[in-house]
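Since the structure comes first, as structure tokens, the remarks are kept for the end.
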Amino acid sequence: MKMMDEKFIPVTTDFHTKCNINLSSVNKLSIYGMFAQDNMTGSNSTNQDADKMIYSEITKNQSALGLTWNYLYSNNGYLQTTAYLNFNNYKLDTKYDFNKQDLMSESDEQNFSGLKSELFYRFSSSHKLTIGGEFKLFYAKYGKWSGFDTLSNATIIQPYNINWGPETSFKIAGFVNYNFIPLDWLSFNIGLRGSYFGFIRSMALDPRLSANIKLTNELGLNLADGRYSQFPKFYRIFSDVRKKYLKPGVAEHYIAGLDYIINNDMQFKVEVYHKSLSNLAIRVSDTSRVFSSVGTGYSSGLEFNFTKKMSDNFYAICNYTYSLSKRKDIINPGYY
């Protein structure tokens, strides 16, 4: 495995467990736990001196615990509520291998807990409504140290030392989704999601619309358009002591696809998509520690999927995806 001109040796360990408990005919509990650890070590030689090997070690730890309660309050509706905990730790150490001199160190701790719930109700076979909300509490801590560095154009980056946190904040989100089937061959999904992120004091509203058109008994056309907002990563918020308030990154999705049922146990899908990106967090210069939400870009692609049912519990799936992504920022004049 090669990343940023370094050859890495990855070692991954993970553990998952889930338990379902039927309390009654209308009440069910699900308990989920997970632990994962990724460790990567790598090295490369410096351009100035091939004998000076740079050694890097990346360690990622993640653990999660969740409890979900499902309540069937009527024949036409259910309530689902989940409480969860999640712990994430990332650490990077870079040094000269021959004398163990430190070159850079970075640590990123992101822990959060939350409660989310959704309520579904079917008014009729043609009208269905889902509403929900989520409250998430964050605990974040970030640190980075680096010595002198030099870019490919001989620009010297001064050493720096950043330590931020621990800080706590919150995220609140709510959504509504309405499913409408006016005709046997036509259905719509109309949705709206709103969220507020306390770290950057910013709110996002994301409308979404999709349609499914049944062209024949075997062939269906799917169309979708929607906005998806993503809040900046913590290290980009904390990398400058002035704590610039960034904007949520925005992706406008446009999707069209065809589903073809070959027979009772085979299905083929093809989908094209385009994403228009804005408010991307990028550095204001090659040597700056400050990020600004001025980046733009796009991503387009084509996906193929073939599914074959081999038995009741076994499926064979073949996928192929081709995608092209471009970005543009205030440093470079064109897309890259």
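The values are calculated or read from the model by the stated rules, or taken from the named source; none is laboratory data. Model, not experiment: these values are computed from the prediction. Don't worry about glycine lacking a Cβ; one is built from the backbone with ideal geometry, like all the others, and counts go over all protein chains shown.
Here are the numbers:
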quantity	calculated
Evaluation of Asn161 against (1) at pLDDT 90 or above; (2) surrounded by fewer than 13 Cβ atoms within 10 Å (Cβ to Cβ) (one fails), failing number	(1)
One residue from Tyr260, Tyr235, Tyr254, Tyr245 being under 30 Å from Tyr160 (Cβ atoms) and surrounded by fewer than 16 Cβ atoms within 10 Å (Cβ to Cβ)	Tyr245
Yes/no for Tyr235 being at pLDDT 90 or above and under 19 Å from the mean Cα position of the chain (by Cα)	no
Condition check for Ser288: under 26 Å from the mean Cα position of the chain (by Cα) and either within 30 Å of Pro166 (Cα to Cα) or of a type in the set (Gly, Ala, Ser) (or both)	yes
Criterion: modelled with pLDDT of 70 or more, part of a strand (DSSP E or B), small (Gly, Ala, Ser) and more than 24 Å from the chain's Cα centre (by Cα) - qualifying residue of Gly33, Gly42, Gly66	Gly42
Residue match in the stretch 288-309 (condition: assigned to a strand (DSSP E or B), touching a residue at least 12 places away in the same chain (Cβ under 8 Å) and farther than 27 Å from Ile255 by Cβ)	yes
